[in-house]
Each structure stands twice: as structure tokens, then as C-alpha cells.
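Here's the structure, in C-alpha cells; my notes come after.
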């Protein structure tokens, strides 16, 4: 075999390995943060607009098949702006909620309340990948992404 063929074979195997690792990570996180058989129930959602306006939507009924993006669209009456990224991601990048638009260094960030730690964690996945679970508490916070959605609340690196 010529050295060019070996080079391209090695390059192809490296690319295949990288793609496989990315797909594996995507499906692992999707399964980790998406219950397989949700039965419906209620969730709590916080929207912190970053200007001292905080709105809670408590005990919102869910069907068991909704994701957090769909719920958000419903809660704000469709007053949301987002860029959709098709396959393979099939995700929305939210750029505005109720007229409050991303403006660097402030962005909309998703947070998950870690029940055991009573602390907030930045979501490792987008709103479309979060299938809702009964009793879950989630938040959208407009601001610098590492600041808790509730002023003074604790944050966690990950829920355990």
C-alpha cells in the first residue's frame, strides 16, 4: 500500500472514531436526562428576566411526552425567538423570551434544580433534549451564564 492510502485510511478511521464518540455522548446524555416512560404530572418553571423580574409557573400539567422547549413556548404564549438547528441536532437556540433578547455577555441559560443538593445546575443539554418529569423544577435565566437563576441560591457542578 502506498503511504497516501495509509494516510487516508488512518484519517478516515480517526474521523469515524470522532463521529462515533459524539453520537455516543449525545445518546448517553439524551437517555440520562430523558426518562424513558414519563407518565405526565406537573413541573415548576422559573423565568428570570435579569431585570429583577422573576416569574414562576408552578404545578404546570405535562402530558409526559413534552420537552422543555415545547413547554416554554406554551408558557410564554409563543412569545419566543429561537434559531432551529436541524438534523442531527434538532435543537432550538433560544435568543429571546417575551422580548428579552440575547445581548453579549447576557444570554438565556437553562438551569435544573438538583433536589438532593438543593442547588441549581446549568443544563448540559438543550431545551429540546429535556423530556419533562413529574416534580421537576427548571429555569430560564437571562444573564451571565454562570449566575444562579435565583439570586443568592446555591449552584452545583452536576446533580447527583
- Rounded FRET efficiency, nearest 0.05, which uses the C-beta distance separating residue 16 from residue 102 and R0 of 22 Å: 0.05
- Message: For the chain, take the longest principal axis of its alpha carbons; what is the angle in degrees between that and the long axis of helix 3-32, to the nearest 10 within 0 to 90?
- Response: 20 degrees
- May I ask you to derive the relative contact order of the chain, considering only C-alpha pairs under 8 Å and at least 6 residues apart, and to give it as an integer percent? 26 percent
- Using only the Cα atoms of the stretch 39-143, build the gyration tensor, take square roots of its eigenvalues as a ≥ b ≥ c, and label the shape rounded, prolate or oblate: rounded if a/c is under 1.5, else prolate if a/b is larger than b/c, else oblate. rounded
- From fewest to most C-beta neighbours within 10 Å, the residues 68, 107 line up as 107, 68
- Query: Based on DSSP H runs of at least 4 residues, each adding -39500 (n - 2.57), what is the mean residue ellipticity at 222 nm of the chain after dividing by all its residues, to the nearest 500 deg cm²/dmol?
  - Reply: -8000 deg cm²/dmol
- Query: Expressed in nm to one decimal, what extension gain is obtained for the pair residue 3 and residue 154 from 0.36 nm per residue of sequence separation less their Cα-Cα distance?
  - Reply: 48.7 nm
- Message: I want the antiparallel fraction of DSSP beta bridges within the chain, as a percent rounded to 5.
- Response: 80 percent
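None of the figures in this text is laboratory data; all of them are computed from the coordinates on show. As the structure is a computational prediction, the values presented were derived from the model and not from experiment. A quick note on method: Cβ atoms are made from the backbone with ideal geometry, for glycine too, and the neighbour counts reach across all protein chains shown.
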